[in-house]
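Laboratory data are not the source of any read-out in this text; all were calculated from the coordinates shown. What you see is a predicted model; the values in this text were computed from it and never measured. Quick reminder, even Gly has a Cβ in these numbers, built from the backbone with ideal geometry, and neighbours come from all protein chains shown.
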Amino acid sequence: MELDITGLDGLEGWIKKFEHSGELMLELSEKLASETVDLVKDGFDKESDPYGKKWLATARGGEILSDTGALKTSWKVKSATRAQFKVDGSEPYASFHQGGTKHMAARPMVPDGKLPASWLADYSDAADELFEEHFG
C-alpha cells in the first residue's frame, strides 16, 4: 500500500504546518506509516476490513486470517519519504486475501480507495502528537 500524504483528505491543515520543514514532513510520513501498520494489525484483531465490515467466516471456522499469525506480523513500513510512505504485508499470499480469488472471499486489510474516516481521525491524532512534540 502506497499513500501520498500530501493528498490525504482531512490532513491538509497539518501538511501546511509541516511543509516548510522537510525534516518534519519526513517525520510525519514515518509516523503515519507506523500508524497504518498499527491500523492494519487492529483489523486482524477485529476481524474486519478498514471500513469496519466484518470479514466473512472461513469454512473451517476459528479465527480469520490468524492460523499462525504470520500474515498479521508481516505488515511493516517499507519506506517513507517527505511525500509518501509504503507499508507492506510481505507474506506472498497477502494479495489473495486482500482482493479475494474465485475460490476465496476477499478479506481486505488495507483501504481500497478512499481512506475510512476512522483512519483519517487516527492520522490526525498522530499529526497532533507530532505537532505537540515539536511546538508544545
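Per the helix-only calculation at 222 nm, which mean residue ellipticity applies to the chain, given -39500 (n - 2.57) for every DSSP H run of n ≥ 4 and division by its residues, nearest 500 deg cm²/dmol?
-14000 deg cm²/dmol
Dipole of the chain (Lys/Arg Cβ +1, Asp/Glu Cβ -1, origin at the Cα centre): which of 71, 8, 37 lies farthest to the positive side?
Projecting each Cα onto the dipole axis, the largest value belongs to 71.
So what is the relative contact order of the chain, in percent, for Cα pairs below 8 Å that sit 6 or more residues apart?
32 percent
Whose amide H sits under 5 Å from the amide H of residue 55, counting only residues 5 or more places off or on another chain, with H placed in the peptide plane?
Sorted by chain and number, the residues that satisfy this are 48, 49.
About the Cα centre of the chain, what is the dipole size in debye to 20, counting +1 per Lys and Arg Cβ and -1 per Asp and Glu Cβ, all else neutral? Walk me through the numbers before you get to the answer.
Details: 16 positive and 25 negative charges, 151 e Å.
Charge dipole of the chain: 720 debye, to the nearest 20.
For the chain, the longest stretch holding no trypsin sites (Lys or Arg not before Pro) located in a DSSP loop with at most 13 other Cβ atoms within 10 Å is which?
Details: sites that count: 53, 60, 102, 114.
Here the longest run is 1-52.
Go through the range 70-80 residue by residue and turn each phi into a ³J(HN,Hα) via Karplus (6.51, -1.76, 1.60, θ = phi - 60°); whole Hz please, and just put x for glycine and proline.
Taking θ as phi minus 60°, the curve returns 5, 5, 4, 6, 6, 6, 9, 6, 8, 6, 8 Hz for the range 70-80.
So between residue 58 and residue 34, what do we pick up on full extension, going 0.36 nm a residue minus the alpha carbon distance?
Working it through step by step, the gained length comes to 5.7 nm.
Which length gain, in nm to one decimal place, applies between residue 19 and residue 51 when the Cα-Cα distance is subtracted from 0.36 nm times their residue separation? Can you show the working numbers first?
On the way: separation 32, 0.36 × 32 = 11.52 nm, distance 2.91 nm.
Gain on extension, residue 19 to residue 51, equals 8.6 nm.
Amide H to amide H under 5 Å from residue 75: which residues, 5+ apart in sequence or cross-chain, H placed 1.01 Å off N in plane?
90
Fully extended, how many nm does the chain gain between residue 106 and residue 84 (0.36 nm per residue separation, minus their Cα-Cα distance)?
5.3 nm
Which of the pairs 31/86; 17/41; 78/102 have their Cα atoms more than 23 Å apart in this structure?
Going by Cα-Cα distance, 17/41; 78/102 fall outside the 23 Å limit.
Could you give the nm distance between label points at residue 132 and residue 95, where each point is 7 Å from its Cα heading toward the beta carbon?
For residue 132 paired with residue 95, the spin-label model returns 4.0 nm.
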